[in-house]
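Structure, as structure tokens:
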Amino acid sequence: MPTAPRILVDASSFLYRAFHALPDLRAPDGLPTGAILGVANMLRRLQREYPQSEIIVVFDAPGKTFRDALFDQYKAQRPPMPEEMRAQVELLHQWVRAMGLRLLVVPGVEADDVIGTLARATPVQTPVIIATGDKDLTQLVDEHTTLMDTMKGTRTDLAEVRARFGVEPTQIADYLALVGDKVDNIPGVPGAGPKTVAKWLQQYGDLDGILAHGQEIPGKVGESLRAVAEILPRSRELARIRCDVEIPPAEATPPDPATLRRLAERLGFQQWLKDLPEPSGPSTPSADPVRRENYRAIVHREELARLLATLEQTERVAIDTETSSLDPHAAELVGFSLAWFEGDRTRAVYVPLGHREGKQIPRDVALALLGPWLEDGSKAKLAQNAKFDWQIFWAQGLRPRGLARDTLLESYVLDSTAAHDLDSLAERYLQHRNISYAELTGKGRQARSFAAVDIASATAYAAEDAEVCLRVDAQMWPQIRRHEGLARVFRDIEMPLVEVLARMEWAGVRIDVDVLKRLSEELDTRMATVESEAFAAAGQRFNLNSPKQIQTILFDKMGLPVLKKTPGGQPSTNEDVLAELAKQADLPRLILDYRGLAKLKNTYADALPQMIQERTGRVHTHYHQAVAATGRLSSSDPNLQNIPVRSDLGRRIRQAFVAEPGHLLISADYSQIELRIMAHLSGDAGLRQAFARGLDIHRATAAEVFAIPLEQVTPEQRRAAKAINFGLIYGQTPYGLAQQLGVGQGEAKAYMERYFERYPGVREYMENTRRLARQQGYVETLFGRRLYLPEIRSQNPARRNYAERAAINAPMQGTAADLIKLAMIAVDAWLLAQTDHGRMLLQVHDELILEVPEKAVDAACQMLREKMEGVAELAVPLTVGLGVGANWDAAHGD
């Protein structure tokens with residue numbers, strides 16, 4: 001019977017590779033975990049593939065080795081270990097021990113030398129496998145020692161070394177000395193490539209033989225060899241793996257499932273938790289891989305009826321729709337899939353309804369069967385992006401109820417900076433790769449609609465989505481539930497908001513096409529005028545949409561300074577650069593004006609009429625809950641957040657958003673919400689008092705900063721105070737404030753210092769927030785939403801400073817986002833109870849827009865103020881500004 005091989009793991013090599021290969025995975029407390037998970041999974045595979053083998057896991061020890069004494073520039077060019085990786089090393093060591101593996105970290109000795117010593121000390125009858133991706137270790141390969149790269153799935157034996165390098169393993173140290181090694185900063189012979197060095201070694205045997213015949217080697221490469229001959233023996237010593245180092249005894253301890261489970265819980269490794277035995281022994285849902293061959297299509301009425309009867313007794317079911325379009329108003333329902341746990345296993349099916357070929361249940365029959373279960377609020381449903389699926393069912397006349405959890409939002413609440421699409425969740429939590437839509441419908445060839453996909457392929461795709469949704473929920477929900485703040489954000493804010501946003505999208509908003517047509521014509525005229533002025537300023541005609549022509553005129557012809565370059569090395573003409581150059585010449589300002597006008601014309605004046613849905617006659621924007629890291633909502637098609645707020649043209653665009661006949665629009669806007677949150681979070685007495693007295697906060701700040709009576713504050717001083725108030729929230733520096741106010745940096749710094757003297761609680765809050773962020777790796781909103789800050793401990797000052805600014809801003813911006821979401825939920829509930837009082841249409845920043853029957857305006861205004869101001873109790877009052885009008889601009893006011 002063959003002897004089980006001894007496995008030597010070059011763990012430091014895999015640590016780096018896993019850290020850079022895997023996405024930015026995080027534990028529930030924000031700790032980076034990707035490197036730990038990558039190495040842990042690799043070790044588990046080795047244990048499963050070699051159950052009888054001794055596995056020894058070797059790490060580099062921190063600090064210097066004998067090679068540093070030999071050559072002080074050894075590895076000098078290597079950057080220090082990233083902080084996010086360093087934070088994972090000790091926990092990985094604990095993980096390895098808990099797996100029952102022998103762990104070696106020998107001070108003063110590199111992992112390669114420990115592995116070399118262990119390999120040579122292994123009896124010849126025992127094969128040795130070195131798990132590594134490091135080419136240096138090829139010098140250890142012999143008749144009973146091979147290398148294995150578990151990440152690439154490759155093996156390296158004697159034949160492979162000879163084929164790859166053209167030399168014997170015993171010549172690899174000489175080879176590396178001559179070729180050089182950029183990774184380890186070993187110089188080598190300039191101009192001597194791998195083929196040349198291999199030829200030398202084949203001819204002369206080793207480095208000593210090459211140096212002895214150095215005068216015979218012709219050409220520049222021979223000159224280079226002779227020039228560096230003195231340092232080559234040292235380079236060989238740097239490259240040679242020592243096989244005689246002293247290794248302290250370290251026996252493997254028995255596996256410790258309890259410790260491993262505690263570590264897996266801390267790190268959020270749900271797949272490991274499912275595989276590890278429960279402390280009390282109850283069964284858990286199957287950890288089997290996703291198996292597409294287990295899926296089936298339901299194409300008979302009786303079969304669907306039996307399945308739905310079964311699901312009546314099922315605790316929770318994942319549901320997903322397949323459609324012909326991503327626009328709910330234009331989409332046809334092509335089919336739906338269901339997945340559920342049956343005992344400790346998963347089951348998933350697909351019900352095709354609108355495929356072009358194949359046996360299917362008639363759509364009306366299938367939906368009639370589905371309806372009672374779908375509309376039963378006591379039956380828990382799971383979905384990925386339920387806002388879309390629910391609107392699809394609404395279009396079919398069904399009203400789904402019982403939405404328990406949305407996996408898109410679970411992922412968002414756990415870490416808003418991660419990717420939340422189902423494919424990413426499958427890879428992150430299940431280590432499974434989903435079938436992509438492009439693969440299914442024909443990437444690289446004539447693309448098909450989903451309805452044209454054969455039912456067997458559609459079943460594999462659709463049922464997989466439902467099963468993945470079910471299984472990632474089983475991993476994410478326990479993580480959320482363990483943290484009260486995250487559970488509150490998910491339960492009380494994000495989940496109730498799903499149907500609120502769905503109703504807003506479904507309602508849409510009426511657009512006055514004539515207003516936009518007139519605006520488009522006016523923009524054409526203005527653009528032509530600006531274009532003529534730009535031609536005059538440039539002294540020639542040119543294409544204002546061509547960065548290349550603009551570069552030539554601004555920098556070559558006019559000689560303006562190049563402030564920034566593109567990644568391709570060309571002078572940049574982006575907005576920031578042009579704004580700075582506009583201080584020196586008129587042309588950059590005119591180009592900016594032209595771009596601004598063109599953007600308004602293309603994005604709104606011309607585009608909005610094309611977005612009107614034929615069936616409803618209204619524009620239906622799409623709201624995105626899981627995009628902004630701070631919790632803010634965003635929108636697209638159209639993007640309502642980017643309509644200019646203060647400009648005349650921005651007001652003209654808002655004038656095109658109109659109420660239905662017999663209705664009016666109401667705008668309700670939180671006043672200075674982030675500054676009020678700052679007053680609450682910082683506890684600063686001065687700020688709180690100003691808000692409690694109902695003062696103009698910018699005027700009050702100006703009075704404090706400039707040490708003058710309130711009534712003597714000038715408009716210019718108020719403007720400066722406003723810039724300081726908002727600048728501090730966004731982490732503005734004295735330089736940035738100076739640029740904004742057009743004053744010297746010293747003057748701007750003095751403003752900020754006086755501000756902190758008058759509002760010391762703000763400075764203390766900012767310092768405490770930075771410190772807390774560094775300690776725990778994240779900050780929280782008032783309601784418990786988290787923003788992880790992976791760069792907060794970065795050695796790069798620019799990245800660290802950016803993370804610190806985000807740490808200060810996120811609790812305020814995130815709390816503001818939570819407040820407006822809670823307000824939307826409260827307002828929506830009131831509107832549902834008072835069906836004749838209108839509907840909520842739009843949300844933009846801190847503003848809500850309602851469309852209300854004229855007779856209900858007074859009651860709606862009273863309700864809006866009451867609901868929005870009462871949604872939370874802060875240390876300062878929340879105030880809401882209201883406006884009413886026939887269009888958004890008239891309602892919005894100033």
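The values are calculated or read from the model by the stated rules, or taken from the named source; none is laboratory data. Not measured: the values here are computed from a predicted model. Ideal geometry is used to build each Cβ from the backbone, glycine not excepted, and the neighbour counts take in all protein chains shown.
Details
- Complete set of residues in the stretch 568-588 that are under 14 Å from Met558 (Cα atoms) and outside any loop (DSSP other than H, G, I, E, B): Pro571, Leu578, Leu581, Asp586, Leu587, Pro588
- So Val245, is it part of a helix (DSSP H, G or I), over 30 Å from Pro28 (Cα atoms) and either within 51 Å of the chain's Cα centre (by Cα) or not assigned by TED's automatic domain parsing to the domain that holds Pro28 (or both): no
- Hits in the stretch 86-140 - residues which are over 36 Å from the mean Cα position of the chain (by Cα), small (Gly, Ala, Ser) and assigned to a helix (DSSP H, G or I): Gly116, Ala119, Ala121
- One residue alone among Ile7, Ile36 is in contact with a helix residue (DSSP H, G or I) (Cβ under 7 Å, 6 or more places away or on another chain), modelled with pLDDT of 85 or more, buried (at least 18 other Cβ atoms within 10 Å of the Cβ) and not in a helix (DSSP H, G or I), and that residue is Ile7.
- Selected residue (criterion: nearest to Pro588 (Cα to Cα)) from residues of the stretch 539-550 that are at pLDDT below 90 and not in a loop (DSSP other than H, G, I, E, B): Pro547
- Taken residue by residue, the stretch 710-719 has no member that is touching a Gly at 6+ places or on another chain (Cβ under 7 Å) and either farther than 25 Å from Leu819 by Cα or surrounded by fewer than 19 Cβ atoms within 10 Å (Cβ to Cβ) (or both).
- Unmet requirement for Lys867, which otherwise passes all of (1) surrounded by 18 or more Cβ atoms within 10 Å (Cβ to Cβ); (2) in contact with a strand residue (DSSP E or B) (Cβ under 8 Å, 6 or more places away or on another chain); (3) farther than 30 Å from Asp24 by Cβ: (2)
- Members of the stretch 401-430 found to be without any contact (Cβ under 8 Å) to a residue 40 or more places away in the chain and either part of a loop (DSSP other than H, G, I, E, B) or in contact with a strand residue (DSSP E or B) (Cβ under 6 Å, 6 or more places away or on another chain) (or both), listed by number: Arg401, Gly402, Asp421
- Residue list for the stretch 2-32, filter: of a type outside the set (D, E, K, R) and within 15 Å of Met81 (Cα to Cα): Ala11, Ser12, Ser13, Phe14, Leu15, Tyr16, Ala18, Phe19, His20, Pro32
- Any hit, the stretch 632-640, residues being modelled with pLDDT under 90, surrounded by 15 or more Cβ atoms within 10 Å (Cβ to Cβ) and not in a loop (DSSP other than H, G, I, E, B): yes
- Test: residue in the stretch 689-696 that is in a helix (DSSP H, G or I) and surrounded by fewer than 22 Cβ atoms within 10 Å (Cβ to Cβ): yes
- Candidate set from the stretch 522-567 (those that are among the basic types (Lys, Arg) and more than 42 Å from the chain's Cα centre (by Cα)); member that is surrounded by the fewest Cβ atoms within 10 Å (Cβ to Cβ): Arg541
- Enumeration of residues in the stretch 431-488 that are part of a loop (DSSP other than H, G, I, E, B), modelled with pLDDT of 90 or more and surrounded by fewer than 16 Cβ atoms within 10 Å (Cβ to Cβ): Asp454
- Positions within the stretch 584-604 being more than 13 Å from Ala536 (Cα to Cα) and in contact with a helix residue (DSSP H, G or I) (Cβ under 6 Å, 6 or more places away or on another chain), in sequence order: Leu592, Asp593, Tyr594, Leu597, Leu600, Lys601, Tyr604
- Residues within the stretch 582-608 that are over 34 Å from the mean Cα position of the chain (by Cα) and free of Cβ contacts under 8 Å to residues at least 40 places away in the same chain, tallied: 5
- Of the listed requirements (1) surrounded by fewer than 20 Cβ atoms within 10 Å (Cβ to Cβ); (2) under 30 Å from Ile849 (Cα atoms), Leu497 misses just one: (1).
- Restricting Leu841, Leu819, Leu848 to residues that are buried (at least 16 other Cβ atoms within 10 Å of the Cβ), at pLDDT 95 or above and farther than 30 Å from Asp684 by Cα narrows the list to Leu841.
- Here the stretch 387-399 is the region considered, the condition is being of a type outside the set (A, V, I, L, M, F, W, C) and under 19 Å from His622 (Cβ atoms), and the residue that is nearest to the chain's Cα centre (by Cα) is Lys387.
- Residue in the stretch 592-609 that is of a type outside the set (S, T, N, Q), under 18 Å from Pro328 (Cβ atoms), at pLDDT 90 or above and assigned to a loop (DSSP other than H, G, I, E, B) present: no
- When Ala579, Ala585 are screened for being within 28 Å of Arg651 (Cα to Cα) and surrounded by 12 or more Cβ atoms within 10 Å (Cβ to Cβ), only Ala579 passes.
- Residue check, Tyr751 within 35 Å of the chain's Cα centre (by Cα), outside the structural domain of Glu83 (by TED's automatic domain parsing) and farther than 30 Å from Cys861 by Cβ: no
- Only listed residue being in contact (Cβ under 8 Å) with a residue 12 or more places away in the chain and either farther than 24 Å from Leu633 by Cα or touching a Leu at 6+ places or on another chain (Cβ under 8 Å) (or both), chosen from Trp373, Trp394: Trp373
- Among the conditions (1) among the β-branched types (Val, Ile, Thr); (2) part of a helix (DSSP H, G or I); (3) surrounded by fewer than 19 Cβ atoms within 10 Å (Cβ to Cβ), the only one that Ile724 does not satisfy is (3).
- Members of the stretch 759-806 that are among the aromatic types (Phe, Trp, Tyr) and either crowded, with 18+ Cβ neighbours inside 10 Å or closer than 21 Å to Leu409 by Cα (or both): Tyr759, Tyr765, Tyr778, Phe783, Tyr788
- Looking across the stretch 812-846, the residues that are more than 18 Å from Ile493 (Cα to Cα) and aliphatic (A, V, I, L, M) come down to Ala833, Leu841.
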